[in-house]
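The values are calculated or read from the model by the stated rules, or taken from the named source; none is laboratory data. This structure is a prediction, so every number in the text was calculated from the model and none was measured. Virtual Cβ from ideal backbone geometry, glycine too; neighbours counted across all protein chains shown. With ligands, DNA and RNA removed, areas are computed over all heavy atoms of the protein, side chains included. Shrake-Rupley method; radii C 1.70, N 1.55, O 1.52, S 1.80 Å.
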Amino acid sequence: MELVFRPLTQIHALEIANEWKYDGIYSFYDMTADAEDYEEFMDEHLRNQNDHYEALENHTLFGFFCVIQENASIEIGLGMRPDVCGKGKGKQFVKQILDFLGHNYKFDTLVMHVASFNQRAIKVYRSCGFKDSGITKRRSNGGVYEFLTLVKKA
């Protein structure tokens, strides 16, 4: 699997936000599940306050990620197209994102926040060298949920 990363287009932002629907507990990640996140993702001006990228495999939208840089630390958020989730492609996706970041950004630490129930993603992040850093409660989707913070040193 070889991915091409480029800035997220508005067409693909609309597809992700409106069409990507996840099964079961993972519906937590549907963009429409959180009005504030949805609004930010849909608005090109709000979205471009941070760096957002789309990942293409054979010219087809595979996933996306965002980069929020604060000093020497980068927080990463990401998502894969629902039909490719749970098929063993997550580690390759994350590793290619890490390679991209290493070539395009300067940082000392990478940070990810993942809902504690998402053991599938946590396993992938740990396999890519991220270490558990703590658990916090965060507002999301109209409630307060437990998130695991994971960090990776450059």
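Here the range 88-118 is the region considered, the condition is being β-branched (Val, Ile, Thr) and free of Cβ contacts under 8 Å to residues at least 40 places away in the same chain, and the residue that is farthest from residue 145 (Cα to Cα) is 94.
Taking the options 134, 129, 77, name whichever one is touching a strand residue (DSSP E or B) at 6+ places or on another chain (Cβ under 9 Å), over 24 Å from residue 42 (Cα atoms) and in a strand (DSSP E or B).
Answer to the selection: 134.
For the range 35-58, the condition holds for at least one residue, the condition being that it is within 21 Å of residue 115 (Cα to Cα), assigned to a helix (DSSP H, G or I), touching a Lys or Arg at 6+ places or on another chain (Cβ under 9 Å) and in contact (Cβ under 8 Å) with a residue 12 or more places away in the chain.
For the range 20-31, enumerate the residues that are surrounded by 13 or more Cβ atoms within 10 Å (Cβ to Cβ) and either in a loop (DSSP other than H, G, I, E, B) or not aromatic (Phe, Trp, Tyr) (or both). It would help to see each step written out before you state the result.
Taking the range 20-31 first, the residues surrounded by 13 or more Cβ atoms within 10 Å (Cβ to Cβ) are 20-22, 26-31.
Matches in the range 20-31: 20, 21, 22, 27, 30, 31.
Filtering the range 1-12 to residues that are open to solvent by less than 70 Å² (accessible area, probe 1.4 Å) and either touching a residue at least 40 places away in the same chain (Cβ under 8 Å) or of a type in the set (D, E, K, R) (or both) leaves 1, 3, 5, 8, 9, 12.
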